[in-house]
2 protein chains.
Amino acid sequence: MQIAILLYDGFTALDAVGPYEVLSRLPGAEVRFTAARSGPVRADTGALALVADHSLTEVRSADILLLPGGPGQTALMSDEPLLDWIRTVDATTTWTTSVCTGSLLLAAAGLLAGRTAASHWLALDQLPTFGATPSTDRTVVDGKYATSAGVSAGIDLALLLAGRIAGDRTAQAIQLLTEYAPEPPYQAGTPATAPADLVADLRERASAYLTA
Amino acid sequence: MQIAILLYDGFTALDAVGPYEVLSRLPGAEVRFTAARSGPVRADTGALALVADHSLTEVRSADILLLPGGPGQTALMSDEPLLDWIRTVDATTTWTTSVCTGSLLLAAAGLLAGRTAASHWLALDQLPTFGATPSTDRTVVDGKYATSAGVSAGIDLALLLAGRIAGDRTAQAIQLLTEYAPEPPYQAGTPATAPADLVADLRERASAYLTA
């Protein structure tokens, strides 16, 4: 089972590594980190690079395609060769998936028109531009398109897919091996549960960032 | 604030990347991925390498030291130059931390004697050999030593530390930006909640692995 995970400058590392940690443990999984050029790809903070072992020209198909999000996604929204690659691989997949603003890349490639999708809560309002219906659900499965909310939500999405692909017992074994029994010290993980003034503050900062 | 994260052949990627994603967002954070030699370091699955921008000789101090776990930890338990490095950096830290079997490296370095610590549930029984008291808690703070359970637990540990270091509001902002409102599709994340036969099965497989 071929699993292609896209890397690009300015991706968010946990978007990619969370699902990788789950999906790579599926029986027969062969994960290929893939980028425009093979080699180190720097994440959004600048403090970490992941190595893409493969280039886009080497990987033309996959059983699962995963697109992480991150600030670098914005620059790719009009990158036609990349969007073409996404469409090419998508034509071969059983599951086409995204974490965070990765769903905007799927949308820009024209793959989410008429579908419901998740994204980072600060980016949900961009989905309708591409004919997609935004959902505040943490994970959304619409046909073969499985999208998740921001950053950490990719772990939940990957476990859900693991169950669909390999059965509940295998997914539970992966959950137990990765000891995924979360105990967040706060309940601030969504705009609905976080302090309202904090949500407003981050919306303002994001707006300034996006129009800078 | 200097944050040193150790990488080594056979580490588990999420152990390192989960806490990185939280701690790198602290005000003034400067994360340094550090390994015996700078360059790509391959994780346990073989399918992913993270780049260590720094070598052990370059990093001699840190405000926060983080040791991830993973199968590669076993080979390091008698690596005296590495254990020396851990002790050297520990002498300068405000927080010395670990995820998963990373606590066994702290223990082997002699830093957990007389202390309580967490680890991967399959490795907890190794802590008493080093004079440490194992805890099945997901996160354990004993003095400046903050240890967590397996793999995904590093995210919870990092958020807890973020609150101690920068206050609740900053930690909550990080939680909201990373949308950390987990919804695991199963309740199999600990030996106490997973199906008993699955726990027994994984214990047997781990035992075979460790004595192989």
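Any read-out appearing in this document is the output of simple, stated calculations on the displayed coordinates, not a laboratory observation. Please read all numbers here as calculations on a predicted model, not as lab measurements. Ideal geometry is used to build each Cβ from the backbone, glycine not excepted, and the neighbour counts take in all protein chains shown.
By the helix-only formula, in which each DSSP H run with n ≥ 4 contributes -39500 (n - 2.57) and the sum is divided by residues, chain B has a 222 nm mean residue ellipticity of -10000 deg cm²/dmol. Considering only trypsin sites (Lys or Arg not before Pro) in DSSP loops that have at most 15 other Cβ atoms within 10 Å, the longest stretch of chain A without any of them is A:61-143.
For the stretch A:86-209, the Cα gyration tensor yields ellipsoid semi-axes of 25, 23, 10 Å (square root of five times each eigenvalue, largest first, whole Å).
Could you tell me which of rounded, prolate or oblate describes the stretch B:119-161, using a ≥ b ≥ c as the square roots of the eigenvalues of the alpha-carbon gyration tensor, with rounded for a/c under 1.5 and, failing that, prolate when a/b is larger than b/c and oblate otherwise?
It is oblate, given that a/c is not under 1.5 and a/b is not larger than b/c.
Short-range pairs are left out: with C-alpha atoms under 8 Å and at least six residues apart, the relative contact order of chain B is 18 percent. Using Cα-Cα distances under 8 Å and only pairs 6 or more residues apart, what relative contact order does the stretch B:70-175 have, in percent? Averaging sequence separation for qualifying contacts and normalising by length gives 23 percent for the stretch B:70-175.
Result for chain B in a Gaussian network model with C-alpha springs under 10 Å: among B:VAL59, B:VAL199, B:VAL22, the largest mean-square fluctuation is at B:VAL199.
Using the count of nearby Cβ atoms within 10 Å as a rough guide to exposure, how do B:SER78, A:SER119 rank from fewest to most?
B:SER78, A:SER119
Of all alpha-carbon pairs in the stretch A:75-129, indicate the percentage at a distance above 18 angstrom. Above the 18 Å cut-off, the stretch A:75-129 has 26 percent of its Cα pairs. Mean-square fluctuations from a GNM of chain B, with a 10 angstrom spring cutoff on Cα atoms, peak among B:ALA158, B:ALA181, B:ALA117 at B:ALA181.
The GNM of chain B, with springs linking C-alpha atoms under 10 angstrom apart, assigns the highest mean-square fluctuation among B:LEU198, B:LEU83, B:LEU23 to B:LEU198.
To the nearest 20 debye, what charge dipole does chain A have about its Cα centre, counting +1 at the Cβ of each Lys and Arg and -1 at the Cβ of each Asp and Glu? Numbers along the way, then the final one.
Numbers: 13 positive and 22 negative charges, 65 e Å.
Using Cβ point charges on Lys, Arg, Asp and Glu, chain A gives about 320 debye.
Each principal axis of the Cα atoms in chain A has its own extent, and those three values, largest first, are 47, 40, 38 angstrom. With contacts taken as Cα pairs under 8 Å and at least 6 residues apart, the stretch A:3-72 reaches a relative contact order of 47 percent. Between the listed residues A:THR96, A:GLN73, A:THR178, the Cα displaced farthest toward the positive end of the dipole of chain A, a dipole computed from Cβ unit charges relative to the Cα centre, is found at A:THR96. Semi-axes of the equivalent ellipsoid for the protein assembly as shown, computed as √(5λ) from the eigenvalues of its C-alpha gyration tensor and ordered from largest down, come to 33, 23, 21 Å.
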